[in-house]
Amino acid sequence: MNNKIIFFKNMGLTDCIKIVNKMHFFTENRNIFTFDEIWFTEHYPIFTQGLLKKYSVISKNDFINNIPIVTTDRGGQITYHGPGQQILYFLIDLKRRKINIRQLIDIMHVLVIDTLNYFHIKSNLNHNSPGVYVNNKKICSLGLRIKKSCTLYGLSLNINMDLTPFDYIYPCGDIHIKMIQIKELNPFLTLKDIRVILIKKLSHLLNVNIIKK
């Protein structure tokens, strides 16, 4: 198996549940000859709840302002996904790449920080909570799951979206977290602009050739 290759898929705007099911199918059916993949997508409006549920939802219904709430098996607590948010799903065999989950999280953090820095946006980490912050507001959230040494889920980066639904929840279960997006920092950047740099940075950080599929 050539570890120097990762397949990149740009899936556009998708249904979250369908993609999660597809991600699980991919992971459960992969073998030693399966190339790693990274999926770029946006989701239709949805709240996703991770395995940690304490103090995360303001509403106890299945919808908040007509936006569905679904439970997933990723780590972390509740977050919101919607059009204009770039999501990266990492389908990576950690054992084969000889990296651990902590190292992958570090790579994801550096990926976002370096990408923002490329566009002259200064960001930082909060050691009490995974993710990336700008001006003490969260711009990127992380959530992962490991199955048979392979990763599912990944990160979401707020670019040009409606942030209002975040006001209906406690993002990441923290009542103090406020969200921010790239549009507020540079209104001229597009998802495509960001995606091009994310791919370049990923290729360098993972030391691979990323092939579009």
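Rule-based calculations on the coordinates, nothing more; no lab input. The shown structure was predicted, so the numbers you read here are calculated from the model rather than taken from an experiment. Neighbour counts are summed over all protein chains in view; Cβ atoms, including those assigned to glycine, are modelled from backbone coordinates with ideal geometry.
Magnitude of the charge dipole for the chain, about its Cα centre and with charges confined to Cβ atoms of Lys, Arg (+1) and Asp, Glu (-1), is about 680 debye. Ignoring lysines fewer than eight residues from LYS95 along the same chain, the ones with Cα atoms less than 23 angstrom from its Cα are LYS4, LYS9, LYS22, LYS147, LYS148, LYS201.
Can you list the DSSP H helices in the chain whose Cα atoms extend at least 27 Å along the helix axis and whose mean Kyte-Doolittle hydropathy is 1.6 or higher? Walk me through the numbers on the way to the answer.
Details: long enough: none.
In the chain, no H run is both long and hydrophobic enough.
One decimal place: the segment ASN117-ASN186 gains 23.6 nm when fully extended, by the rule 0.36 nm per residue minus the C-alpha distance. Looking at the chain, the pairs of alpha carbons with a distance over 24 Å make up 38% of the total. Taking the number of Cβ atoms within 10 Å of each Cβ as an exposure proxy, the fewest-first ranking of TYR89, TYR168 is TYR168, TYR89. This ranking places ASP36, ASP167, ASP174 by how few other beta-carbon atoms lie within 10 Å of each, fewest first, which gives ASP167, ASP174, ASP36.
At a 10 Å Cβ-Cβ cut-off, how would you order ILE78, ILE87, ILE67, fewest neighbours first?
With the fewest neighbours first, ILE78, ILE87, ILE67 line up as ILE67, ILE87, ILE78.
Positive-end ranking of LEU198, MET161, CYS150 along the dipole of the range 5-212, with charges on Cβ about the Cα centre, is headed by CYS150. Scalar couplings 3J(HN,Hα) for the range 119-136, obtained by applying the Karplus form with A = 6.51, B = -1.76, C = 1.60 to θ = phi - 60°, are 9, 6, 10, 7, 9, 7, 9, 10, 5, 8, 7, x, x, 10, 10, 10, 6, 6 Hz; x denotes Gly and Pro. In straight-distance terms, cross-link reach from LYS137 covers every one of the aspartates and glutamates whose alpha-carbon lies under 16 Å from its own, apart from those fewer than eight places away in the same chain; here that gives ASP162, ASP167, ASP174, GLU184.
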